[in-house]
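The values are calculated or read from the model by the stated rules, or taken from the named source; none is laboratory data. Here the structure is a predicted model, which means the values were calculated and not measured. Glycine also receives a Cβ, built like all others from the backbone with ideal geometry; neighbour counts cover every protein chain displayed. Note: accessible area is taken over every heavy atom of the protein model, side chains too, but ligands, DNA and RNA are not part of it. Shrake-Rupley method; radii C 1.70, N 1.55, O 1.52, S 1.80 Å.
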Amino acid sequence: MPRPVIIDTDGGVDDAAAIWWALLEPELDVIAVTVVWGNIALDAAMTSVGRVLAAAGRTDIPVARGAAGPIGVAPELRPATFIHGEDGLGNTTEGRPAPAMTVAAVPAPALIRRLCRERPGEVSLLTIGPLSNLGRVLTDDPGFAATVRELVVMGGSARAGGNALPAAEANVAHDPPAAALVAGAAWAQPPLLVGLDVTREATLTDAHFVLLGEHRSAAAEFLDAPLRFYRQFGSVLTAPDCPCHDLVAAMALAHPALIPDAPVLPMAVDAAGGPAWGATVVDFRAPAVARLRGAEQDRAPGFGPWRIGLGADVERFRRQAAALFGG
Ligand code: RIB
Ligand code: CA
């Protein structure tokens, strides 16, 4: 039985690849897409999602508008239009079919809450943008976290440093207070953090771009130009390979074996505004301290147990990405 999943996205290029892959994946049933600001402004992100769903032939899936900014005090970040384009699709939408989607009657936090509450323990969440929508749900409904089957977050970094800020990955840096709420919530099982530690390893290579250019699948035809635009600046820290962060997270939700190295460790977010503002802080001491004390380590306030992705099955990621592009 495919697992019902809600995808929370900020409408960028790697988001488009992740959404398209999830729509085709037999293990997953995408029951809603919720949209948040981040890579681009909220209206542009909605339009970008509408273009992806229209091109993929899934205009039946409800799409809900979410937060247009952070829910708390956050760093001023340069808009990521130089990586994702003004349209979130690498400025490639001129002449393409118009966006089309079923816009939900309620805002994103309400839709997420309703769908998970209706089917407790059944619905998975995949977040591939800032955590503002999920932070809002947790503020409104503190018991919500226990109703979610599993949560996979593309965001953060345990050892790899930051991309948006020296110590902070973009999805966390855009809204540290929301990410801090998500980090410390009482989830039914430890969520999976798919951060820069794995997304800088599991990358697209030249061979993927050759395949994309051959337009052998509808996904390749749609994603070819956006990914080429994205590669120019998105690859600065991984050159010559190209990250596709959100695609790794989508695959990890469906196939946990993609991230074989994912120890459960306490994790929190620095929302205090210092040099490490927006960093995910992972307590690697925890297993040693637990052995020493013969019990689970006391967790400091704000820390929650997370599966921290540290190593990916890179070949598997590359094979699955190639399959999406028709290889
Ligand atoms: O840091 C990578 C993340 O930030 C990805 O989700 C990308 O789409 C941007 O939102
Ligand atoms: Ca994203």
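Using the average count of surrounding beta-carbon atoms within 10 Å as a protection proxy, the listed peptides 179-186, 33-40 rank, highest first, as 33-40, 179-186. For Arg228, the solvent-accessible surface computed with a 1.4 Å probe is close to 100 Å², ligands and nucleic acids excluded.
Given the chain, what percent of its DSSP beta bridges are antiparallel, to the nearest 5? Can you show the working numbers first?
Working: 10 of 36 bridges.
Once the DSSP bridges in the chain are tallied, antiparallel ones form about 30 percent.
Counting Lys and Arg as +1 and Asp and Glu as -1, each charge on the Cβ, what is the dipole of segment 1-50 about the Cα centre in debye, to the nearest 20? Show your work: numbers first, answer last.
On the way: 1 positive and 8 negative charges, 16 e Å.
Dipole size: approximately 80 debye.
Where does each of Val52, Val289, Val264 land when they are ordered by accessible area, with a 1.4 Å probe and the largest first? Numbers along the way, then the final one.
Numbers: Val52 0, Val289 30, Val264 85 Å².
Result, largest first: Val264, Val289, Val52.
Counting only Cβ charges, +1 for Lys and Arg and -1 for Asp and Glu, the dipole size of the chain around its Cα centre is about 460 debye. Using the Karplus relation 6.51 cos²θ - 1.76 cosθ + 1.60 with θ = phi - 60°, the per-residue 3J(HN,Hα) values for segment 142-153 come to x, x, 4, 4, 5, 8, 8, 4, 7, 10, 10, 10 Hz, with x marking Gly and Pro. Computed across segment 120-238, the Kirkwood radius stands at 16.1 Å (inverse of mean 1/r, all Cα pairs). Distance from the alpha carbon centroid of segment 151-208 to that of segment 13-33 works out to 19 angstrom.
To the nearest ten degrees, helix 218-234 and the longest principal axis of the Cα atoms of the chain are 60 degrees apart.
Considering Cα pairs under 8 angstrom that are at least six residues apart, work out the relative contact order of the chain and quote it in whole percent.
Values: 792 pairs, mean separation 65.3, N = 327.
About 20 percent, as a whole number.
What are the equivalent ellipsoid semi-axes of the chain, built from the alpha-carbon gyration tensor (square roots of five times its eigenvalues), in whole angstrom, biggest first?
Details: eigenvalues 166, 96, 73 Å².
For the chain, the ellipsoid semi-axes come out as 29, 22, 19 Å.
Calculated over segment 220-320, the projected area of the Cα convex hull averaged across directions stands at 9.2 nm². Where does segment 93-174 land on Rg/Rh, using Cα atoms and the Kirkwood Rh? Reported Rg/Rh, Kirkwood definition of Rh: 1.07.
Residues whose amide H lies under 5 Å from that of Val281, counting only those 5 or more places away or on a different chain, are Ala268, Val269, Asp270; hydrogens are built 1.01 Å from N in the peptide plane. Residue-wise HN-Hα couplings along segment 71-77, as the Karplus relation 6.51 cos²θ - 1.76 cosθ + 1.60 with θ = phi - 60° gives them from phi, are 8, x, 6, 9, x, 7, 10 Hz; Gly and Pro carry x. Panel values: segment 2-135, Kirkwood radius from alpha carbon pairs, Stokes-Einstein at 25 °C and 0.890 mPa s, translational diffusion coefficient 166 µm²/s.
The Kirkwood hydrodynamic radius of segment 176-249, based on inverse pair distances between different Cα atoms, is 14.2 Å. Each Cα pair under 8 Å and six or more residues apart adds its separation to the average, and for segment 109-178 the resulting relative contact order is 35 percent.
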